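A short worksheet on the structure shown next.
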Amino acid sequence: MANLTLVQAINLALIQEMERDDRVIILGEDVGPNGGVFRVTEGLHKRFGDKRVVDSPLAESGIIGTSIGLAMGGLRPIPEIQFEGFLGPAYDQICTHAARMRTRTRGGLTVPMTLRVPVGGGIHAPELHSDSPEAIYSHNPGLKVVMPSSPYDAKGLLISAIRDPDPVIFFEPKRIYRAFREEVPEDEYTVPIGKARVVREGSEVTMISWGASVIHCMNAIEASGRDIELIDLRTINPLDYETVMTSVCKTGRAIIVHEAPLTCGIGAELSARIMESCFLQLEAPVQRVAGFDVIMPYYKLELDYLPDTERIGKAINEIVAY
Amino acid sequence: MPVSKVYETSIDRLSILEPDGTFDESLGKGVIPDGDAVKLYEHIMLCRKFDEIAFKLQRSGRMGTYPENRGQEATSLGAAYALESKDWLVTCYRENAGLFWRGLPMEKILLHWMGDERGNQIDSELRVTPLAIPIGTQMLHAVGLAWAYKYQDSSSVSCTFFGDGATSEGDFHEAMNFAANLDIPTLFFCQNNGWAISVPTSIQCSADVLAQRAVAYGMKTIQVDGNDIFAVVKAVRDAAAYMRETSKPAFIEATTYRLGDHTTADDARRYRDAEEVEEWQGRDPVIRLRKYLEQRDLWNQSKQDEMEARAEKTVAEVVKNAEGIEPPVTEDMFDSMYASIPENLKTQRRTLRTSSLGQDPSQLPVRDTART
Ligand SMILES: Cc1ncc(C[n+]2csc(CCOP(=O)(O)OP(=O)(O)O)c2C)c(N)n1
Ligand SMILES: [Mg+2]
């Protein structure tokens, strides 16, 4: 066991998978000698060399497009996009090709690639360094979308993603890159894609979240003194409805918390599914605590935008009082 | 003759004021009148002071990430000086000197990096676009802007600034291709500083000189010493005259260097040698311009001292203004979303403090009414 931050856990997973499988290569902007702008690939260039840790030209579409080719050619590329806000130029390659290649060729050509992207707000960064686009990519069938909220899950999920036969977008909540440490096994292990985690059991309300928001949920739950079950989705697509529905049917109340804007967020899909599966058990309308339907503001207002302990606390009061 | 040459070309490099102060009279005469040369020098020194203070603000937690401009001032300043106020400047994020010359209030740039959109609330008469954070995206806008003025029979042109790294983005190539093939008078001004964060230019471009990219699009081009403000001014002036006459685009590659880190979040020592930095310190645009002025008795130490004191005061005032502004209110994030705010957003705006999710609690059904 080692006491690691999220960054260190991801770094360790990358090292172990690269050692285990020489088809695994890393490419992206500044991932080489500089170790990535968040130092996630620190030391990898030195350890594995130019051939496997590649500083690419500054072109997101190029990074993903060539990763698709690398993957179809038998490798296991791990492209990095420096910030979620710069996925834009790569959107075309991700959604028109990575997501579609398997079904387009009826299994003839596949894209086993793991796209790593720092995500989310809260670090006082400039524009386009703080967004939460997970719903956009979950709306595109053919992609798997993962977002860990702890070092342990990050390592296990990343290893699963790298070994997965399909394209996985691995969102790394940058707000908690170094926020806390956790015991992480030094040996390799996997956390399955598509399986949520019950962080805390409870009977009164089910709270569902993912990424950096999970910590705010935990704090709000503790502050409320209520008996609330907290579920960390870990994988956003495919979503683990079984764990969610089992919990909501038990508690009869659900609160969904996410950083992304309310409209067409993952909360909307979850809420509809809960209504379909738990209609008779529901004691209150499903509640969502989300970003407002505005462009993520520059950082002076980012904390006003992001769901925080106070807003989540309000939702708890509202749903219990209903 | 089965094999024949179908194309051959060469690219000129222009330099007028050498790092040691040597000045090429035949090329440089009349490019910048003495009075203006002094003003430009003072302006760069003011920008340096601004840079220094901005860096300190970041380090002391009073401002977010900031990209130092130090070393690159002559590029955007030379261009802004050579162009006319009717021409658009479509910048990246290391062009403070040009933007301030055009008239952008200095506190706007501080506000931007202080995480405040009001830093981008720019008088449209200035004809500058906000700092472009997503690399390589703004050149297309410059083409559209110049196109709009051409459409309206105006002689305004646009000038867009970008780095060596940006020339790898697809949008850059699309912008070049549009401008060249549709005859749009946009000046593509590449600030080749050798690095895109930690990635050297050799990863972005394998041609001997970056300006060859322009040749591939059939565009007029020249390389200039970007730390030589005389060369920059002459090249931009020539390009602007050509563009106004022909309505065609042009490309300038200015070789330069950022003397600081990429931004305050970067540590350039991780990827570049101290010797390289030292070498470029000797090519600093400020040192040679001061030599030029001193050789002509246009400048001396007492002027320098006086000017530095003035710059210090100006920047202190700018910081005071930027920090003294009322903090934005939460509602601000809604107010510029659309020309008129849709109803659902109005509701979120109104109830953001009273409800968990920004919905109007009075719209939520309560159990009694819901079941009847
Ligand atoms: C589309 C996009 N991708 C990545 C980034 C992250 N990033 C910011 S600056 C930079 C390097 C830019 O290099 P260059 O174009 O040479 O400009 P310079 O800063 O050297 O002037 C990168 C990769 C970004 N801002 N936008
Ligand atoms: Mg550069």
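What FRET efficiency would be calculated for the residue pair A:Ala2, B:Glu174, taking the C-beta separation as r and a Förster radius of 45 Å, to the nearest 0.05?
Calculated transfer efficiency: 0.45.
I'd like to compare B:147-153, A:271-277, A:296-302: which one has the highest average count of other Cβ atoms within 10 Å, and what's the full order after that?
A:296-302, A:271-277, B:147-153
Answer rounded, prolate or oblate for the range B:248-288, using the Cα gyration tensor with square roots of eigenvalues a ≥ b ≥ c: rounded when a/c is under 1.5, else prolate when a/b is larger than b/c, else oblate.
Cα axes put the range B:248-288 in the oblate bin.
Output wanted: per-residue J couplings in Hz (rounded whole) for the range B:144-156, from phi through Karplus 6.51 cos²θ - 1.76 cosθ + 1.60, θ = phi - 60°, x for Gly and Pro.
x, 4, 5, 4, 4, 6, 4, 4, 8, 6, 9, 9, 5
Tilt of helix A:213-224 relative to the longest C-alpha principal axis of chain A, in degrees (0 to 90, nearest 10)?
20 degrees
Explain nothing, just compute: Karplus ³J(HN,Hα) = 6.51 cos²θ - 1.76 cosθ + 1.60, θ = phi - 60°, for every residue of the range A:307-322 in order, whole Hz, x for Gly and Pro.
x, 10, 4, 5, 5, 5, x, 4, 4, 4, 4, 4, 6, 6, 6, 4
Within chain A, how many Lys pairs that are eight or more residues apart, or on different chains, come under 19 Å at the alpha-carbon?
6
Separation of the range B:208-239 and the range B:1-30 by C-alpha centroid, Å?
Between the Cα centres of the range B:208-239 and the range B:1-30 lies a distance of 10 Å.
Would you mind getting me the FRET efficiency between B:Lys346 and B:Glu323? Use the beta-carbon distance for r and R0 = 30 Å, nearest 0.05.
0.40
Cut-off under 30 Å on the C-alpha distance; same-chain residues fewer than 8 positions from B:Lys291 excluded. Which lysines are left, in chain and number order?
By straight Cα distance, B:Lys291 reaches B:Lys29, B:Lys39, B:Lys49, B:Lys56, B:Lys234, B:Lys303, B:Lys313.
Ignoring everything except DSSP H segments at least 4 long, calculate the 222 nm mean residue ellipticity for chain B; use -39,500 (n - 2.57) per segment, divide by total residues, nearest 500.
Counting only the DSSP helices, I get -13500 deg cm²/dmol.
Does the range A:158-242 come out rounded, prolate or oblate, given a ≥ b ≥ c as the square roots of the eigenvalues of its C-alpha gyration tensor, rounded meaning a/c under 1.5 and, failing that, prolate meaning a/b above b/c?
prolate
In square nanometres and to one decimal, what's the mean projected area of the convex hull around the Cα atoms of chain B?
Projected area, direction-averaged: 27.3 nm².
Give the carbon-plus-sulfur fraction of the accessible surface of the range A:2-184 in %, rounded to a whole number; probe 1.4 Å, heavy atoms of protein chains only.
53 percent
I'd like the mean, over residues of A:56-68, of how many other protein chain beta carbons sit within 10 Å of each residue's own Cβ.
4
For B:Tyr338 paired with B:Gln281, estimate the spin-label separation in nm (one decimal), with each label point 7 Å from Cα along the Cα-to-Cβ line.
Between B:Tyr338 and B:Gln281, the label points sit 5.6 nm apart.
Less than 12 Å Cβ to Cβ from B:Ala175, Lys/Arg counted +1 and Asp/Glu -1: what total charge do the surrounding residues give?
Every neighbour counted, the sum reads -2.
For helix B:229-246, report the angle its Cα long axis makes with the longest principal axis of the Cα atoms of chain B; keep it between 0 and 90° and round to the nearest 10°.
Compared with the principal axis, the helix lies near 80 degrees.
Taking the simple approach of a point 7 Å from Cα along Cα-to-Cβ for both A:Arg200 and B:Leu27, what is their distance in nm?
Spacing of the two 7 Å Cα→Cβ label points: 6.9 nm.
Leaving out ligands and nucleic acids, note down the accessible area per residue over the range B:37-115 with a 1.4 angstrom probe, in whole Å².
27 Å²
Pop a pseudo-label 7 angstrom from the Cα along the beta-carbon direction at both A:Asp21 and A:Val320 and give the gap in nm to one decimal.
4.6 nm
Once amide H atoms are built 1.01 Å from N in the peptide plane, which residues 5 or more positions from A:Val199, or in another chain, come under 5 Å H to H?
Those qualifying (amide H under 5 Å, at least 5 residues apart or on another chain) are A:Leu230, A:Ile231, A:Asp232.
Give the calculated FRET efficiency between A:Thr263 and B:Asp34 to the nearest 0.05, with a Förster radius of 51 Å applied to their Cβ-Cβ distance.
For A:Thr263 and B:Asp34, the calculated efficiency is 0.25.
Which length gain, in nm to one decimal place, applies between B:Arg269 and B:Asn181 when the Cα-Cα distance is subtracted from 0.36 nm times their residue separation?
27.5 nm
Could you give each residue of the range A:228-244 its phi-based ³J(HN,Hα) in whole Hz, using Karplus coefficients 6.51, -1.76, 1.60 with θ = phi - 60°, and x for Gly or Pro?
Each residue's phi maps through the Karplus curve to give 10, 8, 10, 10, 9, 4, 6, 10, 8, 8, x, 8, 7, 5, 4, 5, 5 Hz.
Around A:Ile221, with a cut-off of 12 angstrom between Cβ atoms, what is the net charge of the other residues, counting Lys and Arg +1 and Asp and Glu -1?
Neighbourhood net charge equals -3.
Find the accessible area per residue for chain A; the probe is 1.4 Å, ligands and nucleic acids are left out, and the unit is Å².
With all protein chains present, chain A gives 36 Å² per residue.
What would the Debye equation give as log₁₀ I(q)/I(0) for the range A:54-156 at q = 0.18 Å⁻¹, counting only Cα atoms as equal point scatterers?
After summing over all Cα pairs, the log10 values are -0.92.
Ranked highest first by average number of other Cβ atoms within 10 Å, how do B:346-354, A:153-161 line up?
Listed from highest to lowest mean packing, they are A:153-161, B:346-354.
Going 7 Å from the Cα of B:Lys303 toward and past its Cβ, which residues in the range B:232-248 have a backbone nitrogen under 14 Å from where you end up?
none
Mind checking B:135-142 for the average number of partner chain beta-carbons within 10 Å of each residue's beta-carbon?
2
From the C-alpha coordinates alone, can you work out the Kirkwood hydrodynamic radius of chain A, in Å?
19.9 Å
Measure nothing but the geometry: give the 0 to 90° angle between the long axis through the Cα atoms of A:151-163 and the longest principal axis through the Cα atoms of chain A, rounded to 10°.
Between the helix axis and the principal axis of chain A, the angle is about 50 degrees.
Could you estimate the translational diffusion coefficient of the range A:2-184 from the Stokes-Einstein equation, with Rh from the Kirkwood formula over C-alpha pairs, at 37 °C and 0.692 mPa s, in whole µm²/s?
Reported coefficient: 204 µm²/s.
Sort A:His216, A:His124, A:His139 from largest to smallest accessible area, using a 1.4 Å probe on the heavy atoms of the protein chains.
A:His139, A:His124, A:His216
Quick one: among B:Arg269, B:Arg213, B:Arg94, which has the greatest mean-square fluctuation in a GNM of chain B with alpha-carbon springs under 10 angstrom?
Of B:Arg269, B:Arg213, B:Arg94, the Gaussian network model singles out B:Arg269 as fluctuating most.
Under a 10 Å cutoff between Cα atoms, tell me which one of A:Arg100, A:Arg234, A:Arg200 has the largest fluctuation in the Gaussian network model of chain A.
Result for chain A, Cα springs under 10 Å: A:Arg200 fluctuates most.
How much accessible area is lost when chains A and B come together, counting both sides, with a 1.4 Å probe, in Å² rounded to the nearest 100?
The buried area between A and B, both sides summed, comes to about 3800 Å².
What average number of partner chain Cβ atoms lie no more than 10 Å from the Cβ of the residues making up B:161-170?
3
How much of B:Val3 can a 1.4 Å solvent probe reach, expressed as accessible area in Å² and rounded to 10?
120 Å²
When only Cα pairs under 8 Å and 6 or more residues apart are kept, what is the percent relative contact order across the range A:204-322?
Dividing the mean separation by the residue count of the range A:204-322 yields 30 percent.
The values are calculated or read from the model by the stated rules, or taken from the named source; none is laboratory data. Please read these numbers as outputs of a predicted model, since none were measured by experiment. Please note: Cβ atoms are built from the backbone with ideal geometry, for glycine as well, and neighbour counts cover all protein chains shown. The protein model used for the area step is the full one, side chains on, heavy atoms only, and it has no ligands, DNA or RNA in it. Shrake-Rupley method; radii C 1.70, N 1.55, O 1.52, S 1.80 Å.
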